[in-house]
Amino acid sequence: MSGMEEVLLGNTENTAKRIIELIQNYDFDSFLIGIRLPESVEDPERLKKKLASDIGRIVSSKLGRRVDFSKPDITIIVDYRRNALKPSLELDIRSLYVYGEYQKLERDIPQTKWMCMKCKGKGCPHCHFMGKLYPTSVEEEIGKVLLDATGGKGTKFHGAGREDRDALMLGWRPFVIEIIRPIVRKLDLEEIEEEINKSSDKVKVRNLRYSSKDEVVELKNAKYDKTYEVLVECPGYSGEDLRKIEDYFKDLEISQRTPTRVAHRRADKIRKRVVRYVTCEKVDDNHFKARIRAESGTYIKELVSGDEGRTKPSFSEIIGKPCKVIELNVLEVHKV
Ligand SMILES: [Zn+2]
């Protein structure tokens, strides 16, 4: 055994003690020790294994938690490169994932928190010193209760698609919210659900349960049909126009060039989507309501207006009169 190796292996008890102090306030079932060594060490892989196993055994027996190589709740990186006698310790806490479904009952709330890009969240005149562009979001309405309960550092919100900021979400949209660096992992999700619903009049949730990173990927790739209800302004339309729209848009593939309103943040390309059906109902001489079921990712406002010919066909094109969405609600997200 080299001198260096002897020093490192003789110091594991002390290192384990420091680790225990650092992690004992966290809620966790499993952990893993990772080791970083100075380059000068001979046969580093063997020594890493030995150190990790020695330290892991002490921590495990003192705290009664198991070592997990595939999905540990906490990974402790023990870094000997700067100081071989007193290695630095770094914690990697696995995020906590919670699945649920939400409704959004108020307009002008984005799905996720929009940080102010000018000040990067610090607060400046541009964002009225909020550090963000909107007072709240679906993410924040749900996340604040979870952050309180877990002591987490922040959230990431993964929705099964998203509605426009000014649209209501009246059906239930699936989501997974990720809590970063949670201290508490064991939650009474029924209670949390109740608390979110009590604390917010803008957002409601149901079916909360534990989720995983894998489910986030599934959710992002899933294609859900959606049913929308829109209020359309169309001066001088006739009853015949409404029947025309209903007859025309039946399992019809439409072609949508990236809308002008999102062109600044999305690539300009053509999207093909199927509109399953449309039903229309008169409101007054200049307005009608349309219920539209369409494939996930259909630009609904543009399906109605035509976006100056960028979406084809459109309500405007079919009846030869300009149509415009005044209000948009999502009635249902259809899980296939
Ligand atoms: Zn700002």
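If each residue's Cβ is checked for other Cβ atoms within 10 Å, how do His264, His334 rank with the fewest at the top?
His264, His334
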Just check region 238-311 against the gyration tensor rule for me: Cα atoms, a ≥ b ≥ c as the square roots of the eigenvalues, rounded for a/c under 1.5, and otherwise prolate or oblate depending on whether a/b exceeds b/c. prolate
If R₀ is 51 angstrom, what is the calculated FRET efficiency for the pair Ser70 and Tyr248, using the beta carbon separation as r and rounding to 0.05? 0.45
Kirkwood hydrodynamic radius (Cα pairs, Å) of region 3-93? 13.1 Å
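Based only on other Cβ atoms within 10 Å, what is the fewest-to-most ordering of Met169, Met117, Met4?
By the 10 Å Cβ count, ascending: Met117, Met4, Met169.
For region 22-116, which GluC sites (Glu not before Pro) pass both filters: DSSP loop (anything but H, G, I, E, B) and at most 14 other C-beta atoms within 10 Å?
Values: sites: Glu39, Glu42, Glu45, Glu90, Glu101, Glu106; in loops: Glu39, Glu42, Glu106.
For GluC sites (Glu not before Pro) across region 22-116 that sit outside H, G, I, E and B with at most 14 neighbouring Cβ atoms in 10 Å, the list reads Glu39, Glu42, Glu106.
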Length-normalised contact order for region 270-336 - Cα pairs under 8 Å, 6+ apart - percent: 21 percent
As a quick test, which of the pairs Lys244/Lys321; Lys17/Lys71; Lys144/Lys204; Lys198/Lys301; Lys204/Lys226; Lys250/Lys272 have an alpha carbon distance above 21 angstrom in this structure? Lys17/Lys71; Lys198/Lys301
Given the options Arg257, Arg271, Arg82, which has the most mean-square fluctuation in a GNM of the chain, springs set between C-alpha atoms less than 10 angstrom apart? Arg82
Cα centroid separation - region 238-316 against region 1-75, whole Å: 60 Å
Net lengthening on full extension, Lys120/Leu85 (0.36 nm per residue, minus Cα-Cα): 8.7 nm
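Bear in mind that the values in this text are calculations on the coordinates, not laboratory data. Everything numeric in this text was worked out from a predicted model, so none of it was measured. Note that we place each Cβ from the backbone using ideal geometry, even for glycine, and neighbour counts take in every protein chain shown.
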